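Worksheet: one structure, shown below.
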Amino acid sequence: MNRQRELVGGNGYERELGFNPISFLSDRIQAAPDRRLLWLDLCCGAGIALVQATKLLQASGSLSRASIIGIDLVDAFVPYQASCLELTACPVEDYLDAHPDLSADLVTCVHGMHYIGDKLDLLEQSSAHLSTDGRFVANIDLHSIKSKDGRSLRRQIHSSIVQWGGSYLPRHRRLTLTGPYHRPMGLVFDRASDKAGPNYTGQESVDSYYDGAGDMPSVPRQLIENTE
């Protein structure tokens, strides 16, 4: 995770997510003038990108139309206050559990899933907090999701993502969901290992291990390959 990541630029959210979150919110604001929108960012680091986004909303006169919540385990946020911005230090799973009625138009996790123990649980929790047409986007390496005996569950999880109407781009390790996601039946979290070593980002990461057969209808290989 790069805790100093900005909103745009070579190291920015726009590049990693494949779109600009502020453009996304602005389009939603125009389409839904009667409600306040919410962007929830998990593992937000120092919150620099969120502060920049808040300033852009203020400059466009949309500060009262959207809220931004950033969650990170480390309380090392940049000093900034605004009525629409909340930066909270706690485990992201705890925050989601404590706010069951939270409904977000956009949920993002930029290179934060690499350090989560139960990755499938966080995918389920996060997607459950989406509004009816909300979007969840995260960087995740499916090779880090394994069976209890160490076999990769990459293809199985990719298949389940497609089954639930989402998409996964292996080249960018980018997962997108537009509705609730549920792990394959039978997969139960067993353990996490912080001994996985560096992943594709070059940073140390965590592997997630699951017990169970993972029973579910298979998705045709061609359908999966069309999303790669």
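A few notes on this one:
- Ranked from largest to smallest solvent-accessible area, with a 1.4 Å probe on the protein heavy atoms, 178, 108, 132, 88 come out as 132, 178, 88, 108.
- With 0.36 nm allotted per residue and the present C-alpha distance subtracted, the residue 169-residue 211 stretch has 12.6 nm of extension available.
- Three-way shape label, the stretch 1-103, alpha-carbon gyration tensor, a/c 1.5: oblate
- Whole-percent carbon and sulfur share, accessible surface of the stretch 84-189, 1.4 Å: 52
- Taking all protein chains together and a 1.4 Å probe, the residues 94, 149, 101, 41 rank 101, 149, 94, 41 from largest to smallest accessible area.
- Surface analysis of the stretch 24-91 yields an accessible area of 46 Å² per residue, using protein heavy atoms and a 1.4 Å probe.
- 0 to 90° range, to nearest 10: angle between helix 154-163 axis and the chain longest Cα axis: 60
- Total lysine pairs in the chain at Cα distances under 25 Å, for residues eight or more apart or on different chains: 5.
- Exposure check, 1.4 Å probe, all protein chains in place: residue 14 carries approximately 70 Å² of accessible surface.
- For residue 173, solvent-accessible area (1.4 Å; no DNA, RNA or ligand), Å²: 60
- Accessible area per residue (1.4 Å probe, heavy atoms of protein chains only) ranks 185, 113 as 185, 113, with the largest value leading.
- Contour excess over end-to-end distance, with Cα ends at residue 148 and residue 132 and 0.36 nm allotted per residue: 2.3 nm
- Label-point gap, in nm, between residue 185 and residue 27 - each point 7 angstrom along Cα→Cβ: 3.6
- With all protein chains modelled, accessible area of residue 68 [1.4 Å, Å²]: 0
- Between the stretch 1-69 and the stretch 94-171, the Cα center-to-center distance that results, in Å: 20
The values are calculated or read from the model by the stated rules, or taken from the named source; none is laboratory data. Given the structure is predicted, the values throughout are model-derived calculations rather than measurements. Positions of Cβ are backbone-derived with ideal geometry, glycine not excepted, and every protein chain shown enters the neighbour counts. Ligands, DNA and RNA are stripped out before the accessible areas are found, and what is left, the full protein with its side chains, is counted by its heavy atoms. Shrake-Rupley method; radii C 1.70, N 1.55, O 1.52, S 1.80 Å.
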